[in-house]
1. Could you please state, rounded to a whole Å, how far the C-alpha centre of the range 109-133 is from the C-alpha centre of the range 12-48?
2. When a/c reaches 1.5 or more, the comparison of a/b and b/c decides; with that in mind, is the range 5-127 rounded, prolate or oblate per its Cα gyration tensor?
3. Given R₀ = 22 Å, what would the calculated FRET efficiency be for LYS75 paired with GLU40, taking r from the Cβ atoms and rounding to 0.05?
4. In the chain, which longest range has no GluC sites (Glu not before Pro) that are both DSSP loop (not H, G, I, E or B) and surrounded by at most 12 other Cβ atoms within 10 Å?
5. Residue by residue, what Karplus-based ³J(HN,Hα) values in Hz, rounded to whole numbers, does the range 105-122 have, using 6.51, -1.76 and 1.60 with θ = phi - 60° and x for Gly and Pro?
6. Please give the helix 130-142 orientation as an angle from the longest Cα principal axis of the chain, in degrees from 0 to 90, rounded to the nearest 10.
7. Work through the residues other than GLY178 whose Cβ is under 15 Å from its Cβ and net out their charges, Lys, Arg +1 and Asp, Glu -1.
8. Once both axes come from the Cα atoms, what is the angle between helix 14-25 and the longest principal axis of the chain, in degrees from 0 to 90, rounded to 10?
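Just so it is clear, none of the values below were taken in a lab; they were calculated from the coordinates. Keep in mind the model is a prediction, meaning the values are calculated, not measured. Here Cβ is always computed from backbone atoms with ideal geometry, including for glycine, and neighbour counts include all displayed protein chains.
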Amino acid sequence: MTPSITVSIVEDLEEIRHGITDLLQESPGFLCISAYGDAETAMQEIPELHPDIVIMDINLPGESGTAAVRHLAGKCPKTQFLMFTIYENNARVFEALKAGASGYLLKNTPPEKILESLTELYHGGAPMSTSIARQVVSSFKQTAAEDQEEIRLTVKERQVLEALAGGYLYKEIADRLGVNTSAIRQRIHKIYAKLHVQNRTEALNKVYRYPR
């Protein structure tokens, strides 16, 4: 039997927190193991729970969600962080990514897309809402490094990397390139090895040098 993806939620709005909790509990393959209304409690308890994913709001009372991710990322190296917020400006996106987030969804994301994004994140993807992804790609292109000739990626590898930057799911990348999802995962692992990085954020930072 495939184990459920364990999720903790950090969201100060009770209606949204309960809504996500109910969504997870009613969806096969997911298990909500904790939910918090503030960052401080979450930072104390989550390291003891080791969830697969933390859904983190940015605008929390007290410590911000970004600060909480920065704190928890060092204590929970196997946990993935998905920012869940109303904010979509570049500064907040990059701040969250630099803090350790691997995904960024807006709160108007449909429930089925939230579940797809959680699954993709669990399997190593980097889901983002479409509007956020466009901003990220645009910023990457504007700040491309001058020494690109030193990074030896093939055309197809760059297509995959740009799709990752755009927040596309593995299945969506596979469909775009006419291959299966397994082939995309293998290609991404090859890209990481070629760039000597461990994850998507490090790869994008090395190739595009997005603002620090």
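1. Here the answer is 17 Å between Cα centres.
2. Verdict is rounded for the range 5-127.
3. 0.95
4. On the way: sites that count: GLU26, GLU146.
After excluding every exposed loop site, the longest remaining stretch is 27-145.
5. Going residue by residue, I get 10, 7, 6, 8, 5, x, x, 5, 6, 4, 5, 4, 5, 4, 4, 5, 4, 4 Hz, with x marking Gly and Pro.
6. 40
7. Numbers: positive: LYS156, LYS171, ARG176, ARG187; negative: GLU172, ASP175.
Taking every other residue near GLY178 into account, the sum is +2.
8. The two axes meet at around 70 degrees.
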